[in-house]
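Asker: Got a structure for you, written out below as structure tokens; questions coming shortly.
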Amino acid sequence: MTAKTEKLSTNSQNIIHPKNPILILEDVKENQILLKELCRNMGLPSEIAENGQEGLDIIEEKTFSIFIVDLMMPVMDGKTFIKKLKQKIPNAVILIQTALDSSETIIEIMKLGVFDYIIKPLDPEVFQKVIKKSIEYKHLKDMEKDLADSAPLKIRNQLEWLNYKEDRRITAKDYAEIKSIYNLKTSLMQGKGFGSLLSIIDIILNTKKEKGADYLINKELLDLLLDNYETCNTQLNWLHEISNLLENLFVVKESDSAELIAAIPGMLTEVAPYMKNKNLKITFPELNTKCRLNLNLEKMSLIIEELIINAYKYSVTGSVINIFSYIKEAYLWICVMNEVSEKPYGGIPQKYEKLVLEPFFRVAPPDESISKVEKFSLGLGLTVVDNITRKHGGLFLIQDVRNHIDNQTKLSVLAQIMLPVVVE
């Protein structure tokens, strides 16, 4: 036992540390000591309740992150406690301890609305994995709740911005056009493509020593020229496609939100192979967010893929890209959140939140590490996301958020698509 608990303690730094302790419901003294010791070795504070009634009394006074519940207890058993807990805290994250591992028992347990189960006798390494997974789930659910609670203010601010933008478009059309041209010029001169092509041609021109002489081009320079020629062709083709997307309407049909949520992993088949390059993981939303939407699934696939590509390019190596969804204020919210480095560019400062939706505007220099599957380059990706979302009658937001993990504050970028729910 000692060797395994020492191994657990060395991994505690990789675990999200919730702000609230774990509540353990267990009546056997030896098991109480074992569970508290396993939690302590993971750096997780915990408290003990000897039965379900004592557990209910404790949660009246204190808040807990997750609940580890034994099914067989005196006074009030685990099943009764879970039912009463769910009435008080519907989203409680619960782990069941059970000595029975038959499929019938497991199915019956999961029907109680618990997150996972732990088979007795406890294996410390299995215990660590289950606890870590449940804490990560709890952290994600808390983030969803915080975002949902702030939804009304975000919607109001975005609608005010769109009204202002429309007034600005009507009264200052010339200024907007000049700004777009400037942004396009800047975008074209950055990174691979037209800017590099001009630089290469410049180098070639300088290889001509005298009038009438031949140009001397080595193979490496010629390969670079041809590569950028292909990139320019691709960019021009996509500019044509983007122009069609921005200018033309498309058909939407009433669909179930579950269809959209279930389709998200399939939208990322081209992007997925790149994730291992930066050791990134993706979490997907649950299918229990149900409503009716007016939807064009093909166009939604394009913009969700774009948001994941954008997240990939600027994510911290070894971090997680979280995708989650919820319903709030008559909108289905689909959120993509990724951790970014504070330096050299950071995320999207508040003063740029609206500007990044403008054509060709960039906060950071282009990242071409995923250019082979990127459909909306030249600083047009977020413009397309915003446009397609609004053609669904929705809203799009992107901003910096501060994510609190392990007593640290980490900078993340949060992109949110809001699609209006069809009222029955």
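The values are calculated or read from the model by the stated rules, or taken from the named source; none is laboratory data. On a predicted model such as this, the values are computed, not experimentally measured, just so you know. Please note: Cβ atoms are built from the backbone with ideal geometry, for glycine as well, and neighbour counts cover all protein chains shown.
Asker: Scan (1) assigned to a strand (DSSP E or B); (2) in contact with a Gly (Cβ under 8 Å, 6 or more places away or on another chain); (3) crowded, with 18+ Cβ neighbours inside 10 Å for the single condition ASP400 breaks and write down its number.
Answerer: ASP400 satisfies every listed condition except (3).
Asker: Using the structure shown, decide if THR269 is without any contact (Cβ under 8 Å) to a residue 60 or more places away in the chain, part of a loop (DSSP other than H, G, I, E, B) and in contact with a Ser or Thr (Cβ under 6 Å, 6 or more places away or on another chain).
Answerer: no
Asker: The conditions are (1) buried (at least 18 other Cβ atoms within 10 Å of the Cβ); (2) at pLDDT 90 or above; (3) aliphatic (A, V, I, L, M), and ILE33 fails exactly one of them. Which is it?
Answerer: (1)
Asker: Just give me the residues in segment 368-383 being farther than 23 Å from ILE417 by Cα and touching a residue at least 40 places away in the same chain (Cβ under 8 Å), in sequence order.
Answerer: GLU368, SER369, SER371
Asker: Determine if segment 125-148 includes at least one residue that is at pLDDT below 75 and in contact with a strand residue (DSSP E or B) (Cβ under 6 Å, 6 or more places away or on another chain).
Answerer: yes
Asker: Which of the following residues is touching an Asp or Glu at 6+ places or on another chain (Cβ under 9 Å), among the polar types (S, T, N, Q) and modelled with pLDDT under 90: THR383, THR289, THR283?
Answerer: From the options THR383, THR289, THR283, the qualifying one is THR383.
Matching residues to (1) among the small types (Gly, Ala, Ser); (2) modelled with pLDDT of 90 or more:
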site: LEU38; (1), (2): no, yes
site: LEU56; (1), (2): no, yes
site: VAL69; (1), (2): no, yes
site: SER103; (1), (2): yes, no
site: ILE106; (1), (2): no, no
site: GLY113; (1), (2): yes, no
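Asker: Same structure again: Which residue, of ILE327, ILE304, ILE308, is at pLDDT 95 or above and either polar (S, T, N, Q) or out of contact with any Leu (no Cβ under 7 Å at 6 or more places or on another chain) (or both)?
Answerer: Answer to the selection: ILE304.
Asker: Let me ask something else about it. So ILE417 clears everything in (1) surrounded by 18 or more Cβ atoms within 10 Å (Cβ to Cβ); (2) β-branched (Val, Ile, Thr); (3) modelled with pLDDT under 90 except one condition, right? Which one?
Answerer: Failed condition: (3).
This table checks each residue for (1) buried (at least 17 other Cβ atoms within 10 Å of the Cβ); (2) hydrophobic (A, V, I, L, M, F, W, C); (3) without any contact (Cβ under 8 Å) to a residue 60 or more places away in the chain.
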site	(1), (2), (3)
ASN294	no, no, no
LYS299	yes, no, no
LEU302	yes, yes, no
ALA311	yes, yes, no
SER315	yes, no, yes
ILE323	yes, yes, yes
ILE327	no, yes, no
LEU332	yes, yes, no
ASN338	yes, no, no
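Asker: Let me ask something additional. LEU287 passes all but one of (1) surrounded by fewer than 18 Cβ atoms within 10 Å (Cβ to Cβ); (2) outside the structural domain of LEU411 (by TED's automatic domain parsing); (3) of a type in the set (A, V, I, L, M); which number fails?
Answerer: All conditions are met except number (2).
Asker: Return only the number of the condition from (1) within 12 Å of the chain's Cα centre (by Cα); (2) modelled with pLDDT under 90 that ASN322 does not satisfy.
Answerer: The single condition ASN322 does not satisfy is (2).
Asker: Filter segment 108-127 down to residues that are surrounded by 14 or more Cβ atoms within 10 Å (Cβ to Cβ) and among the β-branched types (Val, Ile, Thr) and give me whichever is farthest from VAL93 (Cα to Cα).
Answerer: Of everything passing the filter in segment 108-127, ILE119 is farthest from VAL93 (Cα to Cα).
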